[in-house]
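The structure under discussion appears below in the form of structure tokens.
The values are calculated or read from the model by the stated rules, or taken from the named source; none is laboratory data. Quantities reported herein were computed from a predicted structural model and do not represent experimental measurements. So basically every Cβ, Gly included, is an ideal-geometry build from the backbone, and we count neighbours across all protein chains shown. With ligands, DNA and RNA removed, areas are computed over all heavy atoms of the protein, side chains included. Shrake-Rupley method; radii C 1.70, N 1.55, O 1.52, S 1.80 Å.
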Amino acid sequence: MKVLLKKWRIAIAALLITGVLGAVFPEAGREALKLLGVNISTIIGILVPVFILLGLFDVWVPRERIAPHLGEASGIRGIVLAVLLGASSAGPLYVAFPVAEVMLRKGTSLRNIFIFLGSWSSMRLPMVLFEIQSVGPVFALSRFAASLAGILLMGVLLERLLGLEVRQEILERFEK
Amino acid sequence: MERLCRTLMTWFLYLATGVLLGVSAAASPEKTKKALKKALNTFVNILPPLTATLLLVSISVALLPEKVIASLIGEESGFFGQILASLIGSLTLLPGFVAFPMAKVLLEHGAGVAQMAVFVSTLMMVGVATAPLEASFFGWKVTLLRNGMAYFWSFGIGYAVWLAVRIWI
């Protein structure tokens, strides 16, 4: 019971927040209820095949295939690969988390994981053309360049700050 | 158009999963069973944080529909406008298909360039509603650090874009 409560406390907190906000703003509350149905079907509809694909990837692709390209010793080539992998994605960011977790388990360095997550979130190549079309090339390309600089910086910084223990912690989380 | 695109992508995702699952099962039922077990295990593991994220996404999008966002970040400019844009960008979720055309219209109506860049950047990189899900994979320490850094860097991006637009346009 206690374990169960601990596991679900974040969901309970979210329910309380949603409930209070929904009571204070009843119109938004009703809208949220409607959206909840749509969101459940969309998000779970995407996550189910993603988890199956990741499960297949996990059992079929050996660590030795990934670690040399994205691991600790992958250097600049690993960074470039991490940026390209993230940038060529098309899914929402919540899909990137399980993907990154499996990549980490296959020996990708923490730095490249954060670079991958960063470029997945803000440097989508499929979206760039659309962005240029909407807000113009100067806005889009300068945002792109500044994002890239930040992503690389954040990757290096986060790896320095977090190090090996956090890596171990993440890996253990899904071993059970 | 946007909806069609997404539906097609989802269909493709299911098709690819089905085909690969079939190939895998033909090659090794044992390994396939293991893969499915892993998938189920991950799903069960993230069910509580996923529930939290679903609730938070729903209420934040309900509280901040496009019209409200547009009216909030279109008017206030300057530093306060940037703070407001960053907070709204962090709290809500909008796909790029919606966000960029909205940014275009707001820019045409006189919204600040820096503020729009901050809004778009936080929208993409910082996710309060998806934080429980992120933390279930990477822990709260990583989640807070990543989101925090991305939040502050968004102001740097805002400045860079503002500078670029000033120089070239």
Subject >> Integer Hz, Karplus 6.51/-1.76/1.60 couplings in order for the stretch A:7-13, x for Gly and Pro >> reply: 5, 9, 4, 5, 5, 5, 4
Original post:
Per the 1.4 Å probe, what fraction of the accessible area of chain B, in percent, lies on carbon and sulfur atoms?
Top reply: 72
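Using 1/(1 + (r/R0)^6) with R0 = 56 angstrom and r between the beta carbons of residue B:6 and residue A:161, what's the FRET efficiency to the nearest 0.05? It would help to have the intermediate numbers written out before the result.
Details: r = 36 Å, r/R0 = 0.65.
With a Förster radius of 56 Å, E is 0.95.
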**OP:** Could you name the lysines whose alpha carbon sits less than 23 Å from that of residue A:34, not counting residues in the same chain fewer than 8 places away?
**Re:** B:67
Original post:
What does the average come to when, for each residue of peptide B:31-39, you count the partner chain Cβ atoms lying within 10 Å of its Cβ?
Top reply: 6
**OP:** Only Cα pairs under 8 Å and at least 6 apart count here; give the relative contact order of the stretch B:48-168 as a rounded whole percent.
**Re:** 32
**OP:** Just tell me which aspartates and glutamates come within less than 13 Å, Cα to Cα, of residue B:33; anything on the same chain fewer than 8 places away is out.
**Re:** A:58
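Between residue A:105 and residue A:153, what's the calculated FRET efficiency when r is the beta-carbon distance and R0 is 25 Å? Round to 0.05.
0.50
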**OP:** Pull up the cross-link candidates among the aspartates and glutamates for residue B:104, meaning alpha carbon to alpha carbon under 20 Å and not fewer than 8 places away within one chain.
**Re:** A:131, B:2, B:66, B:75, B:76
Subject >> Pair residue A:145, residue A:5: separation of 7 Å Cα→Cβ label points (nm) >> reply: 5.6
Original post:
Using the alpha-carbon centroid of each, what span in Å lies between the stretch B:77-147 and the stretch A:108-135?
Top reply: 14
Original post:
What are the principal axis extents of the Cα atoms in chain A, in Å, biggest first?
Top reply: 53, 50, 32
Original post:
Spin-label point model (7 Å from Cα, Cβ direction): what's the residue A:132 to residue B:166 distance in nm?
Top reply: 2.6
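How high is the FRET efficiency from residue A:33 to residue A:125, r the C-beta distance, R0 45 Å, rounded to 0.05?
0.80
DSSP H helices in chain B with Cα extent of 27 Å or more along the helix axis and mean Kyte-Doolittle hydropathy at least -1.0?
Within chain B the helices that satisfy the rule are B:2-27, B:29-63, B:131-168.
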**OP:** Summarise the partner chain shielding of A:102-112 as one whole number: the mean count of Cβ atoms from other chains within 10 Å of each residue's Cβ.
**Re:** 1
